[in-house]
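The values are calculated or read from the model by the stated rules, or taken from the named source; none is laboratory data. Note that the structure is predicted; figures quoted are calculated from it, not measured. Cβ placement follows ideal geometry from the backbone for every residue including glycine, while neighbour counts extend to all protein chains displayed. Note: accessible area is taken over every heavy atom of the protein model, side chains too, but ligands, DNA and RNA are not part of it. Shrake-Rupley method; radii C 1.70, N 1.55, O 1.52, S 1.80 Å.
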Amino acid sequence: MSARRDFLRVVAGQAVSGIGDGVNRIAVLWWARQTTGSDAIVVLVALATVLPTLAAAPLAGWLVDRLPRRALMLASDLVRFGTSGFLAWALWADVASTTMVVVVAVVAAASAAVFDPALLASVTLLVPEEELVSANSLLGGTGAVAGIIGPALGGVLVGITSSGTALFIDALTFLV
């Protein structure tokens, strides 16, 4: 029973964090477009949020097999809390540069590359075998819904506040 409760807490936290990821994507890309006016810079920033995840995957799998998964997930969320909080501050202070945003995006993406396999590998420890299909479905469905809500919320937040405020809200999601 405790394992199921732990799994549901992880799913709920992942839902909030996934929404924050969508907010982050919109805020960072909006900042890049509004600040530079360059489509090439927008593409560069977008790639910086994706390519490190692919590049770090082999190392992430190795880490997940050798280190405590919970610790890896917490460390990953702390790193992403820090990157989003730092970017929020940099945008508010008007000191953000394209290079800074790309470097921070790379660090956040590499950190996410560790979180995701640690989460997936933890599912088997948190739910009984006969409930794995349902648990994985719930996790996947929650991620899909967060993938829709997050960017929509990001657009609203950027539209009514600023990219810095949206990134600050994203940072807070990692504390959940």
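Condition first: crowded, with 19+ Cβ neighbours inside 10 Å and in contact (Cβ under 8 Å) with a residue 60 or more places away in the chain. Can you find one or more residues in the stretch 35-46 that meet it? Yes. Here L125 does not fit the description of being aliphatic (A, V, I, L, M), modelled with pLDDT under 95, open to solvent by less than 60 Å² (accessible area, probe 1.4 Å) and part of a helix (DSSP H, G or I). The sole residue among R9, R4, R70, R66 that is open to solvent by 50 Å² or more (accessible area, probe 1.4 Å), touching a Leu at 6+ places or on another chain (Cβ under 8 Å) and more than 18 Å from G147 (Cα to Cα) is R4.
Using the structure shown, decide if A96 is more than 28 Å from P58 (Cβ to Cβ) and either open to solvent by less than 40 Å² (accessible area, probe 1.4 Å) or not in a helix (DSSP H, G or I) (or both). Talk me through it step by step, then tell me what you get.
Numbers: more than 28 Å from P58 (Cβ to Cβ): yes; either open to solvent by less than 40 Å² (accessible area, probe 1.4 Å) or not in a helix (DSSP H, G or I) (or both): yes.
Spelling it out, A96 is indeed more than 28 Å from P58 (Cβ to Cβ) and either open to solvent by less than 40 Å² (accessible area, probe 1.4 Å) or not in a helix (DSSP H, G or I) (or both).
Restricting R80, R25 to residues that are under 16 Å from A109 (Cβ atoms), assigned to a helix (DSSP H, G or I) and open to solvent by 30 Å² or more (accessible area, probe 1.4 Å) narrows the list to R25. Determine if the stretch 133-143 includes at least one residue that is touching a helix residue (DSSP H, G or I) at 6+ places or on another chain (Cβ under 8 Å), in a helix (DSSP H, G or I), open to solvent by 40 Å² or more (accessible area, probe 1.4 Å) and modelled with pLDDT under 90. Yes, that holds for at least one residue.
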